[in-house]
Amino acid sequence: MIGLAFASVPLYDLFCRTTGFAGTTQISDAAPSADEILDRKITIHFNSDTNQNLNWAFQPEKREVTLNVGQQGFINFIAQNEDRHPTVGTAVYNVTPAKAGQYFHKTQCFCFDSQMLIPGQEMNMPVVFYVDPSI
């Protein structure tokens, strides 16, 4: 039972990444080549929510990005510590509708990395991504 408990987290993570279950996105090393980019536009909307215990302002620089399917995109999130003490935050993410998660590929992201900000510090947090042409 103990072995199963330890194995369940990586197995669930693998299942979610493989299937896109619950909006889990994919991770890729690079965007598709130029000949794989489709002449089909897609608009991606970004939002952010911050845990009430984390006194940060956190939001995307732009609320939406329109690009061709397969084309590399970029969005910058801005975080600012509004507390009087250094604080650490970790971003988690999802994609809705959930079935779209398997087509959203990140090539660079700050997600799941702990970020420490000192009081008043502002940080840019980039996400580089593309939407898989198989969508």
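In the range 15-42, the qualifying residues are those that are closer than 11 Å to Gln102 by Cβ and assigned to a loop (DSSP other than H, G, I, E, B), and the one that is modelled with the lowest pLDDT is Gly20.
Here is a yes/no grid of residues against (1) assigned to a strand (DSSP E or B); (2) aromatic (Phe, Trp, Tyr); (3) under 14 Å from Ile27 (Cβ atoms); (4) open to solvent by 20 Å² or more (accessible area, probe 1.4 Å):
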| site | (1), (2), (3), (4) |
| --- | --- |
| Phe74 | yes, yes, no, yes |
| Ile78 | yes, no, no, yes |
| Asp83 | no, no, no, yes |
| Asn94 | no, no, no, yes |
| Lys106 | yes, no, yes, no |
| Met116 | yes, no, no, yes |
| Met123 | yes, no, no, yes |
| Ser134 | no, no, no, yes |
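Ser48 meets all of the listed conditions (1) modelled with pLDDT of 95 or more; (2) touching a Phe, Trp or Tyr at 6+ places or on another chain (Cβ under 7 Å) but one, namely (1).
Among the conditions (1) touching a Leu at 6+ places or on another chain (Cβ under 8 Å); (2) part of a helix (DSSP H, G or I), Gly70 misses just one, which is (2). Test Ala100 against the stated conditions and say whether it is open to solvent by less than 30 Å² (accessible area, probe 1.4 Å) and either at pLDDT 95 or above or closer than 13 Å to Met123 by Cα (or both). So Ala100 does not fit the description; no.
The values are calculated or read from the model by the stated rules, or taken from the named source; none is laboratory data. A quick note: this is a predicted structure, and the numbers were derived from the prediction, not measured. Positions of Cβ are generated from backbone atoms using ideal geometry, with glycine treated the same way; all protein chains shown enter the neighbour counts. Only protein heavy atoms, including side chains, enter the accessible area calculation; ligands, DNA and RNA are left aside. Shrake-Rupley method; radii C 1.70, N 1.55, O 1.52, S 1.80 Å.
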